Each structure stands twice: as C-alpha cells, then as structure tokens.
C-alpha cells in the first residue's frame, strides 16, 4: 500500500470517493470541511492506495504531536471502498499508523460513524483498530429511528403519540424554511439557559454551510401562523441517514408540543426521500448519560447505537 497527503489536484477525486464509499458521510466531504476558516486547523488528510487504486481516505488535522480525525466534524476516521475485506482493512490501518509514526506523531484519535451509516455494515474496522493497539477513548450513545414505517405514530410511545396529536389539533404547521436566523436565536437562548454553552456553529457558519450544501443542510420550522415555535436542522449525512444536528423550541410555546410534530414530519419526509434512518444525536456526553433526554428520544422508538472514539499512543 502507498499513502500520500491530499494535494490540491486530489479534491475532485476525494469527493467522488466519499460519495461511493461504504461509509462516507457529509462530515468526510472537503466541501463540508471548507466552512472552517483556513487558519483554524492544520489539515493532514491522507489518500491510501493499493496497486495505484484508491481504497481509503483519512481526513485529519494536526494538534501538536496528535492527529485527530476530525476536530472539525462529528465523525471522521477511515472512509473505505465497499469491497475492501478484513485483510485489506487491517493493512490500511497498519500502514496509516506507520505513516504517522514516521512523521513524528505520538497520538492518533479518531471517531468513526456508527454502523447505520454504512452501505454494507460490518465491523472489520473495529477489529483492525484493536489489533493495531487502538483503545476506546469513549463510547457515546446516539439515538436512531428506523424510517421503515409508513405511519410513524403507530411506533411512537403513548406520551409522544398524544403530544403529536395535540400539536396537530392546536394548528401547528411544520415546513421547510430558510429562516435560520430566527431559529438560531431560539437555539442560542436555550443552550445558554440550560447548559451554559453556545451552539457548535455560529450563525454565519451555519448560513455558510447551508449556502455551500443547500440540499444537505435543511431546516424544518414549526409555526403557529407566522410565529416560529421551534425547529430542527437536518444534515443529510449520506443516502442512508439524516442527522438531526440541532433541535430546539421556544419555551413559551412548549404547550403546543412543536418538537413532537417536528419529529413526526421529519420522519415522514425522510422516509419519502428514501432514507433508512433518522439519527437524533447523542444523549451521552463523555459517557455520562442524560437519562431524561434518552427516555424522550426512546418515546419516538429511537434505539441506541454506539459512536466510538478510539485512541492510539504511537
């Protein structure tokens, strides 16, 4: 195998490979990663070949003597072709580790997308990472809803079903909207009040992402007449999975149950668009569960899948 660092002429090839890979996502796309200011990260993206054919990619950034895949995205790690077998995946990891070792790096950290993001799921990579002395740094739990039911209400638990019906009776409407600034104020207020944090993206960054990838960053708003009650920002991760990246509502209108109806409408939309799963995001942080949030998501028949972060001391 041969490994080289991404060059300017490789961008089109990279994007094409991510689109057809077994486990490629929006977070592996250079177009997505380009929303970061040029001086925010020191990129060290790898292209891995076997007999001159690309078999894998590895998006990464340098942080001192540490390689992180990826510091500017939810997921990173190895993106590999569909027909790569266990031996090929083992060698891919082995050669990448050796490459970074020869470059003087002392640690590698990577977060792989959960199995639902794979076109053909398998766990060869998990085996190859452990065999090459990677260890779990953390294992977060993300809540996933299968989009295989024509009528989502039939799968909702009692509370979620009643709240969704109430939102419909109250006249709440859900629609795809461009009004990110209004939603962002709701989101920013809620995160500040409840968790004393700010959103992952600034409004400018979120707007830029939507402009760069208008068919991949989609905002659903919940309204009473012209009043926004809440919303969900959906990232179309790949042809199989949509990810609810931001979910928030105005507390003054919680009685209308806008989030329940938002989930209901997004599930229906996702199914009609041909997606297989809706990822509602994690309800753990550094492996500490938020039990209430977990139960809330389970009310919509969500079930947990692991989002694993690995570490290797080189």
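The values are calculated or read from the model by the stated rules, or taken from the named source; none is laboratory data. In this text the structure is predicted, and so the values were computed from the model without any measurement. Positions of Cβ are generated from backbone atoms using ideal geometry, with glycine treated the same way; all protein chains shown enter the neighbour counts.
Looking only at segment 85-97, which residues are out of contact with any helix residue (DSSP H, G or I) (no Cβ under 6 Å at 6 or more places or on another chain) and either surrounded by fewer than 22 Cβ atoms within 10 Å (Cβ to Cβ) or not assigned by TED's automatic domain parsing to the domain that holds residue 49 (or both)? Reasoning before the result, please.
Looking only at segment 85-97, we keep the residues that are out of contact with any helix residue (DSSP H, G or I) (no Cβ under 6 Å at 6 or more places or on another chain), and these are 85, 87-88, 91-92, 94-97.
Answer for segment 85-97, where residues must be out of contact with any helix residue (DSSP H, G or I) (no Cβ under 6 Å at 6 or more places or on another chain) and either surrounded by fewer than 22 Cβ atoms within 10 Å (Cβ to Cβ) or not assigned by TED's automatic domain parsing to the domain that holds residue 49 (or both): 85, 87, 88, 91, 94, 95, 97.
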inquiry  = I'd like to check something: does segment 34-47 contain any residue that is touching a helix residue (DSSP H, G or I) at 6+ places or on another chain (Cβ under 9 Å) and surrounded by 23 or more Cβ atoms within 10 Å (Cβ to Cβ)?
reply    = no
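In segment 1-51, what count of residues is obtained for those that are in a loop (DSSP other than H, G, I, E, B) and without any contact (Cβ under 8 Å) to a residue 12 or more places away in the chain? Steps first, please.
The first filter runs over segment 1-51 and keeps only residues in a loop (DSSP other than H, G, I, E, B), leaving 1, 6-7, 21-25, 29, 34-41, 44-45, 51.
Among the residues that remain, those that are also without any contact (Cβ under 8 Å) to a residue 12 or more places away in the chain are: 7, 37-39, 51.
Here the count works out to 5.
Need at least 1 residues that are out of contact with any helix residue (DSSP H, G or I) (no Cβ under 6 Å at 6 or more places or on another chain) and farther than 30 Å from residue 112 by Cβ per element, so show me which helices (runs of 4 or more DSSP H) inside segment 138-223 make the cut, counting only ones lying wholly within it. Break it down into steps so the answer makes sense when it comes.
On the way: elements: 158-169, 180-195, 203-212.
Of the helices (runs of 4 or more DSSP H) lying wholly inside segment 138-223, those with at least 1 residues that are out of contact with any helix residue (DSSP H, G or I) (no Cβ under 6 Å at 6 or more places or on another chain) and farther than 30 Å from residue 112 by Cβ span 158-169, 180-195.
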message = With the structure loaded, tell me whether residue 12 is at pLDDT 95 or above and either touching a strand residue (DSSP E or B) at 6+ places or on another chain (Cβ under 9 Å) or not assigned by TED's automatic domain parsing to the domain that holds residue 239 (or both) or whether it fails that test.
response = no
message = If residue 78 meets every condition in (1) touching a helix residue (DSSP H, G or I) at 6+ places or on another chain (Cβ under 9 Å); (2) under 19 Å from residue 279 (Cβ atoms); (3) surrounded by 13 or more Cβ atoms within 10 Å (Cβ to Cβ) apart from one, which number is that one?
response = (2)
query = Just a yes or no: is a residue in segment 123-135 assigned to a strand (DSSP E or B), under 28 Å from residue 308 (Cα atoms), modelled with pLDDT of 95 or more and in contact with a strand residue (DSSP E or B) (Cβ under 9 Å, 6 or more places away or on another chain)?
reply = yes
query = Pick from 247, 218, 234: which is within 30 Å of residue 17 (Cβ to Cβ), buried (at least 18 other Cβ atoms within 10 Å of the Cβ) and free of Cβ contacts under 8 Å to residues at least 40 places away in the same chain?
reply = 234
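How many residues are farther than 21 Å from residue 266 by Cα and either surrounded by fewer than 16 Cβ atoms within 10 Å (Cβ to Cβ) or in contact (Cβ under 8 Å) with a residue 60 or more places away in the chain (or both) when one looks only at segment 159-198?
Taking segment 159-198 as the starting set, the residues that turn out to be farther than 21 Å from residue 266 by Cα are 185, 188-198.
Within this subset, residues satisfying the condition of being either surrounded by fewer than 16 Cβ atoms within 10 Å (Cβ to Cβ) or in contact (Cβ under 8 Å) with a residue 60 or more places away in the chain (or both) are 185, 189-190, 192-198.
Of the residues in that region, 10 qualify.
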